[in-house]
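Structure first, commentary second.
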Amino acid sequence: MESKNTFTKEQLHAFSKPLLEEMVFRLLAEQESLNAKISELTKTLNSLTEEIRVLRSERFGRHTEKSTETEHQMTFIFNESEVIIAEEGMKEEPSIEETIPEIKTPERKSHKKGSRKPMLKDVPVKEVPYELPEGEMVCSCCGGRLHRIGEDVSQRLEFHPATFEIIEEHVSTYSCRECQKIVRAPHPKPLFEGSIATPSLLAGIMNAKFVNAVPYDRTSRAFADHDVFIHKQTMARWMIMASERYFSLMYERMKEELLAADIIHADETGVLVSKDGRKAGSRSYMWVYTKEREERPVILYEYQKTRAAKHAKEFLSDYQGYLCCDGYEGYHSLGPGITVCGCWAHARRHYSNAVKALRDLPSRRPELTVAEEALRRIGKMFHMDKQWKDLPREERQEKRITELKEEVDSYFSFVESKIRNIPPKSETGKGLKYSINQKKYLLGFLGDPDIPLDNSEAERKIRNFVISRKNFIQIDTVAGAEASAVLFSMSETARANGLKPYEYFQYLLTEIPKHQDESHKEMSWIEDLLPWSERLPAGIRKNQK
């Protein structure tokens, strides 16, 4: 369609000079406006292109950020074997010694060459002899008699699926012929009145659910394969009852230990709870608080309906020390006794996204150069701090407040010099803005040499819950969510202290009922059952390589 402003050469020759000048000025003004619009559209297109590439990378690409909680989840559901081989390569066939580690002893003598007598765990060994029948003890070459001169020994590892047996208790009763008093023979109390549940059965369900992320439904089907039929609702009810009756006091005692630490890590993740009194699809949260790098590591989960700051404030109301966390604003108003330390892994995340999205584009954008430089600077901080990890505490602190602080100050000067020239909605722009907004908290680690630069400790533990959440989709009730928080806490703390979760659960469920009738004022027995107690049986602890 022809424009209304199109003129022929004859018409233009007839126009006066002032009119032609006016037309040129208008055209230049329109061109300038058009260029501005093109510039804005180009920025929008670049931003959308970057965003799409980041989203595609998060969904389909390989994640290099280990703290990304959705890492490989969809791929692993369908393709776990192939992904592991592709990423880690094919491993050689393991030996028995590698599969069942040797126990370290202070003065272990080396074995003679060719001997196969490793000190293995308490795994039973079944010898299976293979010998020639009497009728075949004849040499095929000369017909002479064969004589046994030795044997070749090799080992294989056999697997036996779960087995069940019914414990039928026959409790004898006695009567006094004089006063007719009835006496029953001593016997263990049932975990739940009238229930078939035993410590080993509940420990097996707990280990499957809270250690190996196996939903109740799958455990129920696995039991059914062995002709044992226990409905998933029954398993869920047992877990709630066990949590409330036997583990709640342990949880509170572990919380006291956690709040006595100098440094605590915190994080949270969403979870769906179908029957919590709100409309369907309402988002709840599982919070995690941990002190894993110190002696007596503790990992505690807490269920809450919301992400409101009041929940963290209530949980940490008796705490004074350093709190390592991400940039969530809810952690920044917990009280004067808590020093918040930001996470440098989060500070680098937007830059990492920018590099992934922009590095393959045909033209190099300024955002890419800035992102790469920011990553280099943050990486140098981590490298420097890692180099000092074995130094004495005082020397590490001295190096942090001198050498490392100089690098940190240089980084923030770099950020402040670049933020005005980078589109704020780009991934690089978001990274620059994050660092500016979180500067106060990102400097927090300089206050103590034991504070890590990132919050990976809490993120690793919240990811363990996320993996389980992928399997059970949602939790049915608030009671179930609270029970899950307690039992996840028990299993993760047990593992962090070098315990075997199944054996530990079974031991607790055997010992705690013995103290149920005692006054809560006399709770010294709990100390002997805590995950770091030296009074725990030796078989509960893992044999370390």
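Restricting attention to region 180-227, which residues are open to solvent by 30 Å² or more (accessible area, probe 1.4 Å), modelled with pLDDT of 90 or more and of a type in the set (Ser, Thr, Tyr)?
The answer is Thr198, Ser200.
Which residues, taken from region 330-351, are over 24 Å from His383 (Cα atoms) and assigned to a loop (DSSP other than H, G, I, E, B)? Let's see the steps before the verdict.
Initial filter on region 330-351 (over 24 Å from His383 (Cα atoms)): 330-339.
Within region 330-351, Leu334, Gly335, Pro336, Gly337 qualify.
Among Ala357, Ala345, Ala312, which is the only one that is within 20 Å of Asn437 (Cα to Cα) and not basic (Lys, Arg)?
Unique residue meeting the criteria: Ala345.
Could you grab me the full set of residues in region 158-176 that are open to solvent by 100 Å² or more (accessible area, probe 1.4 Å) and in a loop (DSSP other than H, G, I, E, B)?
Narrowing region 158-176 to residues open to solvent by 100 Å² or more (accessible area, probe 1.4 Å): 158-160, 163, 165-170, 174.
Result: Glu158, Phe159, His160, Thr163, Glu165, Ile166, Ile167, Glu168, Glu169, His170.
Are there any pairs with C-beta distances below 8 angstrom linking a residue in region 124-145 that is more than 21 Å from Phe159 (Cα to Cα) to a residue that is open to solvent by less than 100 Å² (accessible area, probe 1.4 Å) and in a strand (DSSP E or B), with the two at least 6 apart or on different chains, and if so which?
Gly144/Val138; Arg145/Val138
Cβ-Cβ below 7 Å, separation at least six or inter-chain, first residue in region 380-393 and touching a residue at least 40 places away in the same chain (Cβ under 8 Å), second surrounded by 13 or more Cβ atoms within 10 Å (Cβ to Cβ) and acidic (Asp, Glu): which pairs?
Met381/Glu407
Where the second residue is of a type outside the set (S, T, N, Q) and open to solvent by less than 30 Å² (accessible area, probe 1.4 Å) and the first is assigned to a loop (DSSP other than H, G, I, E, B) and lies in region 481-505, which pairs have Cβ atoms under 7 Å and are six or more apart or on separate chains?
Going by the 7 Å Cβ cut-off, the qualifying pairs are Asn497/Pro297; Asn497/Pro531; Lys500/Ile540.
Out of the residues in region 323-353 that are among the aromatic types (Phe, Trp, Tyr) and open to solvent by less than 30 Å² (accessible area, probe 1.4 Å), state the one that is farthest from Asp385 (Cα to Cα). I'd like the intermediate steps shown before the answer.
Within region 323-353, the first condition is being among the aromatic types (Phe, Trp, Tyr), and the residues that meet it are 328, 331, 344, 351.
After this cut, where a residue has to be open to solvent by less than 30 Å² (accessible area, probe 1.4 Å) as well, the list is 331, 344, 351.
Values: Tyr331: 25, Trp344: 12, Tyr351: 21 Å.
Step by step, filter region 323-353, then rank; the result is Tyr331.
Mind listing whichever residues of region 139-157 are exposed (fewer than 10 other Cβ atoms within 10 Å of the Cβ) and under 30 Å from Ala222 (Cα atoms)?
Within region 139-157, Arg156 is the sole residue that qualifies.
Filter region 281-305 down to residues that are modelled with pLDDT under 85 and polar (S, T, N, Q), then give me how many there are.
2
Quick test for you: out of Ser435, Ser417, Ser413, Ser426, pick the one residue that is open to solvent by less than 20 Å² (accessible area, probe 1.4 Å) and either out of contact with any Asp or Glu (no Cβ under 8 Å at 6 or more places or on another chain) or without any contact (Cβ under 8 Å) to a residue 24 or more places away in the chain (or both).
Numbers: Ser417 fails: open to solvent by less than 20 Å² (accessible area, probe 1.4 Å); Ser413 fails: open to solvent by less than 20 Å² (accessible area, probe 1.4 Å); Ser426 fails: either out of contact with any Asp or Glu (no Cβ under 8 Å at 6 or more places or on another chain) or without any contact (Cβ under 8 Å) to a residue 24 or more places away in the chain (or both).
On inspection, the qualifying residue turns out to be Ser435.
Only one of Glu302, Glu314, Glu257 is of a type in the set (Asp, Glu), touching a residue at least 40 places away in the same chain (Cβ under 8 Å) and part of a helix (DSSP H, G or I); which? Quick ask: steps written out before the conclusion?
Working: Glu302 fails: part of a helix (DSSP H, G or I); Glu314 fails: touching a residue at least 40 places away in the same chain (Cβ under 8 Å).
When all the criteria are applied, what remains is Glu257.
The values are calculated or read from the model by the stated rules, or taken from the named source; none is laboratory data. Note that the structure is a prediction, hence the values are computed from the model and not measured. A quick note on method: Cβ atoms are made from the backbone with ideal geometry, for glycine too, and the neighbour counts reach across all protein chains shown. Keep in mind that these areas ignore ligands, DNA and RNA; they rest on the heavy atoms of the full protein, side chains included. Shrake-Rupley method; radii C 1.70, N 1.55, O 1.52, S 1.80 Å.
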